[in-house]
Amino acid sequence: MSRAAAGRDTVLLRVHRYSPETGRRWVQEYRVPRRRGMTVLDALLYVKTRLDSTLSFRYSCRMGACGSCGVLVNGEPRLACQTQVADVERDGVVEVAPLPGYPVVRDLVVDMTRLIENHRRAVPTVVRRDPGDEEAPREYLVTPEQHLGYLQYSLCIMCGLCNAACPVYNRNLRYLGPQALTVIYRFLADPRDEATEKRIAMAASPDACYACHMAASCSAACPKAVDPASAIQRLRAATLKAVLGLYRKETSPVAPPLEKPLRRVEASYPTHNLVEGADPEAEARAPPPLDIDPENPPPVLAAHRVARR
Ligand code: SF4
Ligand code: SF4
Ligand code: FES
């Protein structure tokens, strides 16, 4: 349907639907009024609240943090809450389907059990050799350089878009998938983790990094720039080095005891709250708002402006 047919003031949403009760699959069209900055999630919510309350989809944070609103938009795995309709519409049409690679539960809702089980198999926590470390936690030192080695891989929000984009994950049900492989690398690169042999063995198993075809569609789909394909390449390098006996991992030293015990800080809160309304006396005692001279801003604001340019 052309933009003219969709309407200048509306967008045509073509939603792939599925009813588990009847087993019926069909595509339903909804006309949604255009709004500046409207996301695909906004359009779906418009349908849900105004046009068709039977439409099912998942979302929570609406800010690209929870990873629950993944859908296929015009054939590409995307977060519905971070995808602007204006950026993806084709001739006024936006097609929304459930993520591939996961069984469909209803409409746009998919079953993420495989993603979550593989995430668990990848052991997504710091593992220490000494069980006493868990009972009496200590502080382990990580240098800024070591932190940069795994920071990017720790930004994963488990949205599963990378797995949905991966042709191997879609075909091979035993493949761990880019999300879980990224978790393995994230902890392998973390100097606090001591499960090195276990993680190398997991990465070298037939259903792990050597099953990957390195097409990098996972990285192209990732909304957090985690770059799972690079994690998989690094895992391959680590497993090869381990086979050759060349893999070395620097583990974190325990921080020395503090010279002085930490001072306890008592927090104080305002005496008024939003429910009861503002307390005029407390407001009168509050410091006046900052009077900022635009010609001579405080250094922190000046830096902010430069960064935004
Ligand atoms: S690079 Fe590997 S994990 Fe990523 S999409 Fe391609 S086959 Fe899948
Ligand atoms: S690596 Fe990226 S695409 Fe994959 S689950 Fe994590 S955030 Fe989502
Ligand atoms: S609703 Fe949380 S990431 Fe989209």
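When you count, for each residue, the other Cβ atoms within 10 Å and take the mean per peptide, how do 124-136, 174-186 rank with the highest first?
Details: 124-136: 11.6, 174-186: 26.2.
Highest to lowest by the protection proxy: 174-186, 124-136.
I want the local charge near residue 130. Using Cβ-Cβ distances under 14 Å, sum +1 for each Lys or Arg and -1 for each Asp or Glu among the other residues. Residues close to residue 130 contribute a combined charge of -1.
For the range 80-179, the Cβ-based charge dipole about the Cα centre amounts to some 460 debye (Lys, Arg positive; Asp, Glu negative; other atoms uncharged).
Tally Lys/Arg at +1 and Asp/Glu at -1 over every other residue whose Cβ is under 15 Å from the Cβ of residue 144; what's the total? Write out the running numbers ahead of the final one.
Details: positive: 192; negative: 145, 190, 250.
Net local charge, residue 144 excluded: -2.
Given +1 on the Cβ of Lys and Arg, -1 on the Cβ of Asp and Glu, and no further charges, what dipole in debye does the range 113-243 carry about its Cα centre, rounded to the nearest 20? All intermediate terms of the calculation are to be shown ahead of the outcome.
On the way: 16 positive and 13 negative charges, 107 e Å.
So the magnitude is around 520 debye.
When each of the peptides 247-254, 100-107 is scored by the mean number of other C-beta atoms lying within 10 Å of its residues, the order from highest to lowest reads 100-107, 247-254.
Run the dipole for the range 3-110 about the Cα centre, Lys and Arg Cβ at +1, Asp and Glu Cβ at -1, nothing else charged, and hand back the magnitude in debye, nearest 20.
On the way: 17 positive and 11 negative charges, 40 e Å.
Roughly 200 debye for the range 3-110.
Add +1 for every Lys or Arg and -1 for every Asp or Glu among the other residues with Cβ under 12 Å from the Cβ of residue 33, and state the total.
For residues surrounding residue 33, the net value is +4.
Values in this text are rule-based calculations from the coordinates and carry no lab data. Quick caveat: nothing in here was measured; it's all calculated off a predicted structure. Heads up, the Cβs are rebuilt from the backbone with ideal geometry, glycines too, and the neighbour counts pull from every protein chain shown.
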